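Here's the structure, in structure tokens; my notes come after.
The values are calculated or read from the model by the stated rules, or taken from the named source; none is laboratory data. Since the structure is predicted, the reported quantities are computational estimates derived from the model, not experimental observations. With ideal geometry, Cβ positions are generated from the backbone for all residues, glycine too; neighbour counts draw on all protein chains shown.
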Amino acid sequence: MLTLSPYLTALALLAPAADSDAKPAPAPIDVVLCLDVSNSMDGLIGSAKTKLWDVVNDLAKVKPTPRLRVGLYSYGHNNYPKENGWIRKEVDLTDDLDVVSQKLFGLTTHGGTEYVSRVCRDAVKEQKWSEEKGALKLIFVCGNEPASQDKTVKLADVAELARSRGIVINPIFCGPANHPEATDWKEFATMSGGRFINIDQDRGAKPVVAAPQDKALAELSAKLNTTYVAYGKEGQEKAINQLKQDENARKAGGDSAAASRAMTKGTGLYRNSAWDLVDRLKEDPKFDVKKLKDDELCDEMKKMKPEEREKHLKDMLARREALQKEIGALSAKRAEYLQAEAKKNPNKADKAFDEALRGALREQAEKKGIKIPE
């Protein structure tokens with residue numbers, strides 16, 4: 001029988017034990033939305049505008065907080081170039097959720113010819129999808145016309161391409177599941193390994209249940225904005241857009257939508273280190289603000305001495321974390337209230353835009369070992 005020499009045995013005993021307390025790495029989640037912007041789709045677009053934050057808030061429950069990126073395409077608009085198949089890429093996969101919101105609020109409906117297969121093909125081929133093992137990569141394509149309109153790009157070919165790259169396509173038909181035009185969507189889901197969903201596109205655009213915590217959360221969101229310290233070429237522009245998206249949420253869905261956005265801003269999914277020095281410091285505690293050139297700083301920071309800049313950022317970070325803690329506490333109470341109200345007025349699953357996304361996300365995340373708590 002082969003045995004270890006005393007020397008090798010000693011080495012084995014001295015070797016460090018495996019770290020059983022090592023924290024799991026955050027899961028990469030890439031989601032691309034492909035929205036039909038032809039005539040009659042205003043309800044879908046309105047739902048996407050107001051419900052984006054609710055969908056993100058579901059993912060914020062995952063521990064550890066995942067690395068979420070969202071991309072956006074619109075298709076079926078008569079004013080888009082015909083040679084592109086009446087398709088427009090709005091934004092590449094990004095963790096800047098304010099940009100996604102900005103693009104959503106810029107969408108208009110007019111048209112048209114809806115090439116479902118082509119917009120999905122473009123999303124598969126153009127985006128820089130995560131290559132990490134275990135990454136969740138999803139496309140949600142929404143529309144209300146036959147999915148097989150495109151006679152050049154076939155649904156089966158796109159489905160095969162997506163599956164070869166580990167991307168799941170979820171077709172969402174805006175109409176009754178038994179409608180004859182839903183057939184293509186069902187077949188596309190089967191071919192893609194995704195989930196066929198039918199929704200009432202107008203239901204999700206109706207006013208949502210107000211919660212007692214909504215107003216306070218919206219106020220905390222405004223206070224949170226004061227802790228952001230812009231830097232770089234786009235810093236000021238991004239800070240202005242942050243305020244604009246707060247206003248867009250409020251105009252679209254009142255205090256309820258503003259509260260949902262505030263909840264997102266209180267989580268680790270709301271990342272702005274590309275333009276905010278406080279997030280930059282939080283992501284990299286070794287970051288040295290004293291090394292930044294004056295032309296990269298906002299006017300307030302330029303007036304400070306190097307050591308004062310460092311203290312200012314640490315103070316803003318402490319203030320932000322305190323506000324986020326308040327948001328977290330109120331968010332939990334709001335969630336409890338809304339769950340209780342939902343039980344009083346149960347709705348059929350998957351009939352609204354956000355319910356469709358949240359249901360599919362939960363199901364497909366589970367297959368990747370990513371648990372989204374209820």
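Residues that are part of a strand (DSSP E or B) and among the basic types (Lys, Arg) were ranked within segment 82-103; the one that is farthest from VAL70 (Cα to Cα) is ARG88.
When LYS154, LYS137 are checked against the criterion of being modelled with pLDDT of 95 or more and closer than 18 Å to LEU357 by Cβ, LYS137 stands alone in meeting it. Residues in segment 99-129 that are closer than 21 Å to GLY43 by Cα and of a type in the set (D, E, K, R): 2 in all. Scanning segment 284-293 turns up no residue that is touching a residue at least 40 places away in the same chain (Cβ under 8 Å), surrounded by 12 or more Cβ atoms within 10 Å (Cβ to Cβ) and within 26 Å of ALA222 (Cβ to Cβ).
Scanning segment 76-93 for residues that are of a type outside the set (Gly, Ala, Ser) and crowded, with 16+ Cβ neighbours inside 10 Å gives HIS77, TYR80, TRP86, ILE87, ARG88, LYS89, GLU90, VAL91, LEU93. For the structure I just gave you, tell me whether TYR80 is at pLDDT 90 or above and touching a helix residue (DSSP H, G or I) at 6+ places or on another chain (Cβ under 8 Å). For TYR80, the condition - at pLDDT 90 or above and touching a helix residue (DSSP H, G or I) at 6+ places or on another chain (Cβ under 8 Å) - is not met.
Just to be sure, is LEU217 surrounded by 20 or more Cβ atoms within 10 Å (Cβ to Cβ) and within 19 Å of GLU300 (Cβ to Cβ)? So that I can check it myself, show each step before the final result.
Working: surrounded by 20 or more Cβ atoms within 10 Å (Cβ to Cβ): yes; within 19 Å of GLU300 (Cβ to Cβ): no.
So LEU217 fails the test.
Contact annotation: no residue pair with Cβ atoms under 9 Å, 6 or more positions apart or on different chains, pairs a residue in segment 53-78 that is more than 27 Å from TYR115 (Cα to Cα) and free of Cβ contacts under 8 Å to residues at least 40 places away in the same chain with a partner that is surrounded by 24 or more Cβ atoms within 10 Å (Cβ to Cβ) and among the polar types (S, T, N, Q). Selection over segment 224-240 of residues that are under 22 Å from the mean Cα position of the chain (by Cα) and either assigned to a helix (DSSP H, G or I) or over 16 Å from LEU97 (Cβ atoms) (or both) gives a count of 7. Close Cβ contacts (under 9 Å, 6 or more residues apart or on different chains) running from residues in segment 329-343 that are in contact (Cβ under 8 Å) with a residue 12 or more places away in the chain and within 13 Å of PRO212 (Cβ to Cβ) to residues that are of a type outside the set (A, V, I, L, M) and surrounded by fewer than 17 Cβ atoms within 10 Å (Cβ to Cβ) comprise LYS333/PRO212; ARG334/PRO212; TYR337/PRO212. Being of a type outside the set (Asp, Glu) and not assigned by TED's automatic domain parsing to the domain that holds MET304 is true of ASN178. Candidates are the residues of segment 34-54 that are in a helix (DSSP H, G or I) and among the charged types (D, E, K, R); the one that is nearest to GLY143 (Cα to Cα) is ASP42.
Within the option set MET301, MET316, being touching a residue at least 60 places away in the same chain (Cβ under 8 Å), touching a Lys or Arg at 6+ places or on another chain (Cβ under 6 Å) and farther than 30 Å from ILE197 by Cα holds for one residue only, MET301. Screening segment 64-75 for residues that are out of contact with any helix residue (DSSP H, G or I) (no Cβ under 8 Å at 6 or more places or on another chain) and under 15 Å from GLN127 (Cα atoms) and picking the one that is surrounded by the most Cβ atoms within 10 Å (Cβ to Cβ) gives SER74. Residues that are touching a helix residue (DSSP H, G or I) at 6+ places or on another chain (Cβ under 7 Å) and not aliphatic (A, V, I, L, M) were ranked within segment 294-311; the one that is surrounded by the most Cβ atoms within 10 Å (Cβ to Cβ) is ARG309. Just one of the listed residues (VAL158, VAL119) is buried (at least 19 other Cβ atoms within 10 Å of the Cβ), in contact with a strand residue (DSSP E or B) (Cβ under 8 Å, 6 or more places away or on another chain) and under 26 Å from THR50 (Cβ atoms), and it is VAL119.
Taken over segment 163-213, the residue count meeting the criterion of being modelled with pLDDT under 95, more than 30 Å from ALA252 (Cα to Cα) and not in a loop (DSSP other than H, G, I, E, B) is 2.
Do we have LYS61 as within 30 Å of SER331 (Cβ to Cβ) and surrounded by 20 or more Cβ atoms within 10 Å (Cβ to Cβ) here? Walk me through how you get there before you give the answer.
On the way: within 30 Å of SER331 (Cβ to Cβ): yes; surrounded by 20 or more Cβ atoms within 10 Å (Cβ to Cβ): no.
Answer is no for this residue.
Number of residues in segment 241-274 that are free of Cβ contacts under 8 Å to residues at least 40 places away in the same chain and either under 19 Å from LEU93 (Cα atoms) or not in a helix (DSSP H, G or I) (or both) equals 1. Residues satisfying the criterion are absent from segment 127-145 (criterion: in a helix (DSSP H, G or I) and within 19 Å of PRO171 (Cα to Cα)).
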